[in-house]
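The values are calculated or read from the model by the stated rules, or taken from the named source; none is laboratory data. Quick caveat: nothing in here was measured; it's all calculated off a predicted structure. Reconstructed Cβ throughout: ideal geometry from the backbone, glycine too, with neighbour counts over all protein chains shown.
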Amino acid sequence: MTRIADAVSCLDGYDPNALHVEKAREAIRGCLPPLTEAETVRTREALGRVLAQDIVPSINVPAHDNSAMDGYAVRFSDLREGEATTLTEVGAALAGRPFQGTLGAGQCVRIMTGAVMPAGADTVVIQEVARAEGTRITVPPGQKAKQNVRYAGEDLRVGVPVLATGKRLRPADIGLIASLGIGEVRVRRRLRVAFFSTGDELASIGAALKEGEVYDSNRYTLHGMLERLGVEIFDLGVVRDDPSLLEAAFTDAAAKADVVITTGGVSVGEADFVKNLMAKLGEVLFWKIAMRPGRPMAFGRIGSAWLFGLPGNPVAVMVTFYQFVRGALLHLSGETGDLELPLLEVKCSEALRKVPGRTEYQRGILFRDGGEWKVRTTGQQGSGVLRSMSEANCFIVLEHERARVQAGEPVQVQLFEGLA
Ligand code: AMP
Ligand code: MG
């Protein structure tokens, strides 16, 4: 295996002590080989999983030409130009119950949405414009040939691939696979992710808080973020800043998982043995990233697992997770395509302080001002203020080179929620 240090040191402008956010992303992504193992799951269970096969239709969808509307199936050549035509209704075609005969000259068939087009018919006249007197159906002039017909294969066509290996399946994809009658699909196995919190000051939920302690919230936010990514989770609890306990935790985590995430213990003021230990157990790089919040971060390998040593501050944990770990986990899971969160531009309703030389992720609230979407901050932006993440619905991403923002200037935002 190549050493991580060798792989990253050849990146242009790589500086571990003032690492540009983009460089850190590039360095991480360059090291990680995606999973190759696959398993078969039932179609419904494949939601959120990454496809390990291409989906190629063996049937057309729809399978037959059918009506897009309720009305009458006719032969367009029977209709007179510029005047009404009266046809004879000879039967009905319902969804799932096709008309059995063939339409002759001057005939029409009552047809419902989704019903197979009767042989001989090529056009559907909607019921709202037709006049029926018994079986005599009068069609006004002005109809267009082939109107209101859905053609076989217009959604999915035999032999034309629709979903490719590496696609993470959304509800529409599950429906699409079902529309082909496919009951099982090959997907990548779930990525296994273990995590634990480090710190002597951490108390667990349920225990009384002693002086100087804080409840361990990071494991809960991490759990939530991982759950949403659909990975297999191993929560290894809180580990004291004690070398032998930490060593055991790292070894255990690396044996169980593809990826190990820790929080705390990588900052400058932190007891060095956490870092020493990480370095002793594997190949780990310690970065100071030019960003706020979330400056310190460790990345490397312990045993056969990848390690992300995130900072301890609760907001920094979330920001570094979303900006570095999320994309890395998706990539490792075998997902292909653009894995980064999209950036959208909106007007900022207030002035923001910012100095050039680091990327900032301020917590923002996207809101509607009259007809226009704008963004404002949640206020206090300290990296320990987890409430800011809870109140926010987006990050305001202030680029590396950018200086202060004036009220009314456009800024980039990253939404917390998407549709699917
Ligand atoms: P550290 O990176 O370990 O120096 O921690 C930085 C700050 O984050 C300190 O104020 C810690 O108390 C706090 N912190 C660290 N881990 C957690 C955690 N699991 N839950 C809540 N706060 C934490
Ligand atoms: Mg600590």
Worksheet, complete the sentence: Within region 160-201, the residues that are within 16 Å of ligand 2 (Cβ to nearest atom) and either farther than 17 Å from VAL239 by Cα or in contact with a Ser or Thr (Cβ under 9 Å, 6 or more places away or on another chain) (or both) are PHE195, PHE196, SER197, THR198, GLY199
Item to complete: Just give me the residues in region 141-164 being farther than 16 Å from ILE59 by Cα, surrounded by fewer than 17 Cβ atoms within 10 Å (Cβ to Cβ), touching a residue at least 12 places away in the same chain (Cβ under 8 Å) and not charged (D, E, K, R), in sequence order.
Response: PRO141, ALA145, GLN147, ALA164
Worksheet item: So which strands (runs of 3 or more DSSP E) stay within region 344-387 end to end and still have 3 or more residues that are within 21 Å of GLU22 (Cα to Cα) and more than 27 Å from the chain's Cα centre (by Cα)?
Response: none
Discussion item. Please determine whether any residue of region 305-326 is over 25 Å from GLU22 (Cβ atoms), surrounded by fewer than 21 Cβ atoms within 10 Å (Cβ to Cβ), among the hydroxyl-bearing types (Ser, Thr, Tyr) and more than 16 Å from ligand 1 (Cβ to nearest atom).
Written reply: no
Fill in: Contacts under 9 angstrom Cβ, first residue in region 210-224 being in contact (Cβ under 8 Å) with a residue 60 or more places away in the chain, partner among the aromatic types (Phe, Trp, Tyr) and in a helix (DSSP H, G or I), 6 or more apart
THR221/PHE321; LEU222/PHE321
Discussion item. Step by step: first the residues of region 208-242, then only those that are among the aromatic types (Phe, Trp, Tyr) and within 12 Å of ligand 1 (Cβ to nearest atom), then the one that is nearest to VAL317 (Cα to Cα). Which residue is that?
Written reply: TYR220
Worksheet, complete the sentence: Going through region 243-268 in order, the residues found to be away from ligand 1 (no atom under 16 Å from the Cβ) and surrounded by fewer than 21 Cβ atoms within 10 Å (Cβ to Cβ) are SER244, GLU247, ALA248, THR251, ASP252, ALA255, LYS256
Worksheet item: Within region 213-236, can you find the residues that are small (Gly, Ala, Ser), surrounded by 15 or more Cβ atoms within 10 Å (Cβ to Cβ) and more than 16 Å from ligand 2 (Cβ to nearest atom)?
Response: GLY230
Worksheet item: Checking LEU11 against (1) modelled with pLDDT of 95 or more; (2) of a type in the set (A, V, I, L, M, F, W, C); (3) part of a loop (DSSP other than H, G, I, E, B); (4) over 24 Å from ARG170 (Cα atoms), which test does it fail?
Response: (1)
Discussion item. Can you report the number of residues in region 118-158 which are part of a loop (DSSP other than H, G, I, E, B) and more than 17 Å from THR88 (Cα to Cα)?
Written reply: 15
